[in-house]
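Trainee: Have a look at this one before I ask anything.
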C-alpha cells in the first residue's frame, strides 16, 4: 500500500461575473445566461399591430439577435429573429385590405432591419 497522498480531479461549477462587450443596439438585460454560450444580444423588437373586433393583435415580431459565444458557427454573426404568432382573425374584405396594408408597411420595416443587420455584420455597431 502506497503512503503517497492520492488526488482526484473533480469538475465543479464556478459562478463568477463575466464582463462582455455590449453592442449599441442591444436591449437585452442578460438575466437568463448561465454559461458563455447562453449569452445573446437582442435588439429592440419591432412588430406590426392590427386592431380587430376582439382587440389589438401584435404580429410578425422581429429583432436583431447575436450569440457571440454560440456553439454553432452559424450563430456567430447577427441574425434577424422572427416570431410569427398563429392567431385566427376573421375579417371582412375591407378589414383584409387594411390588414394587408399594415403588413406591407411592416415588411418595409423588416427590410430596414435586414439592412441594419448587414451593417452590424460588416463591423458597424
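The values are calculated or read from the model by the stated rules, or taken from the named source; none is laboratory data. For clarity, every value in this text was computed on a predicted model and none was experimentally measured. Cβ placement follows ideal geometry from the backbone for every residue including glycine, while neighbour counts extend to all protein chains displayed.
Trainee: Scan the stretch 86-109 and tell me whether some residue there is surrounded by 14 or more Cβ atoms within 10 Å (Cβ to Cβ), outside any loop (DSSP other than H, G, I, E, B) and modelled with pLDDT under 85.
Mentor: Checked the stretch 86-109: no residue is surrounded by 14 or more Cβ atoms within 10 Å (Cβ to Cβ), outside any loop (DSSP other than H, G, I, E, B) and modelled with pLDDT under 85.
Trainee: Right, next: Can you say whether residue 47 is closer than 19 Å to residue 110 by Cα and within 15 Å of the chain's Cα centre (by Cα), as far as the supplied structure shows?
Mentor: Judged against the criteria, residue 47 is a match.
Trainee: List every residue pair whose Cβ atoms sit under 7 Å apart, with the two residues 6 or more apart in sequence or on different chains, where the first one lies in the stretch 18-37 and is touching a residue at least 60 places away in the same chain (Cβ under 8 Å) and the second, anywhere, is surrounded by 14 or more Cβ atoms within 10 Å (Cβ to Cβ) and in a loop (DSSP other than H, G, I, E, B).
Mentor: Once the first residue is touching a residue at least 60 places away in the same chain (Cβ under 8 Å) and sits in the stretch 18-37, its partners that are surrounded by 14 or more Cβ atoms within 10 Å (Cβ to Cβ) and in a loop (DSSP other than H, G, I, E, B) give 25/43.
Trainee: Which residues, counting only those in the stretch 55-109, are on the phi > 0 side of the Ramachandran plot and more than 23 Å from the chain's Cα centre (by Cα)?
Mentor: Filtering the stretch 55-109 for residues on the phi > 0 side of the Ramachandran plot gives 55, 60.
Selection gives 55 alone.
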